[in-house]
Amino acid sequence: MNIGIITQARINSTRLPAKILKMCNGKPMLDYHIERLQWSNLPIYIATSTNPADQAIANYAQQHQLPFYCGSEDDVLSRFYGCATTHNLDIIVRVTSDCPLIDGMLVKQGVDYYLDLINELQNTNVYLSNSLERTFPRGFDFEIFHFDMLEQAYHQAIAPAQREHVTPYFYQNPQLFDLHCMMSDKDSSNYRITLDTPEDLQMILTLIEQYHADALSTDQLITLLDDHPEIVAINAHIEQKKL
């Protein structure tokens, strides 16, 4: 059974252009994202677009010897389907590249949980996320699903939001899929460690440059934020964009 992490990446961003290539300690944010995902010991695939601006992402993948796929900029569902098909994936972990401090060990825990679920339930229409009901900080999100589900969504999803955001077709059709959420023992959903605005960038730069957050686990990062409300305040007012 081939399991792989597909991270979607592009240059265009309305609130913070080229955000994943912003530098921190001499490294682009995308480096932190990939390095922390590698803690999972799962193969990582970069799904970028055919927009000429995203050639920089393809170049990055080639330089770092990471498999990649270039597909539609707007129809990200078709991009994921193309990536999964090209690389013969059976189980897909979806993440987004604007999460430089995502925890690969947490992702691995999610994959182990998912494998237990499909073995117990004996079907492949199982979806697992740690954000369906949010308890983890924003920026640690992952979604896990079987290729059969991705193929069904690819052929059946019609709404623009379902095509752009890949997975809404699953949780908007609970009668078709077995939906599960991995929860934390502690609700830290008020923390925002994702990269979408200048304030987010400032917050993440502070975490990495002053507190070496790129070496910290999920629990350690949460404890750090618990202890430093002044860091949390940097981007606490930012509202997440809606689907």
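Table for the structure above
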item	result
Sites residue 74 and residue 125, calculated FRET efficiency, Cβ-Cβ separation with R0 22 Å, nearest 0.05	0.25
Label-point separation in nm, residue 223 to residue 18, each point 7 Å along Cα→Cβ	3.8 nm
Fewest-first ranking of 146, 180, using other Cβ atoms within 10 Å as the exposure measure	180, 146
Förster-model FRET efficiency, 35 Å R0, residue 109 and residue 53, C-beta, rounded to 0.05	0.50
Virtual spin-label span in nm between residue 164 and residue 189, 7 Å along Cα→Cβ	2.3 nm
Lysine pairs with alpha-carbon atoms under 25 Å apart, the chain, spacing 8 or more or separate chains	9
Cα centre as origin, Lys/Arg/Asp/Glu Cβ charges: the stretch 3-191 dipole, Debye	680 debye
Label-to-label distance, nm, for residues given as residue 85 and residue 179 (7 Å Cα→Cβ offset)	2.7 nm
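Readers should treat all values here as calculations from the given coordinates under stated rules, not as data from a laboratory. Owing to the predicted nature of the structure, the values given are computational and were not obtained by experimental measurement. Here Cβ is always computed from backbone atoms with ideal geometry, including for glycine, and neighbour counts include all displayed protein chains.
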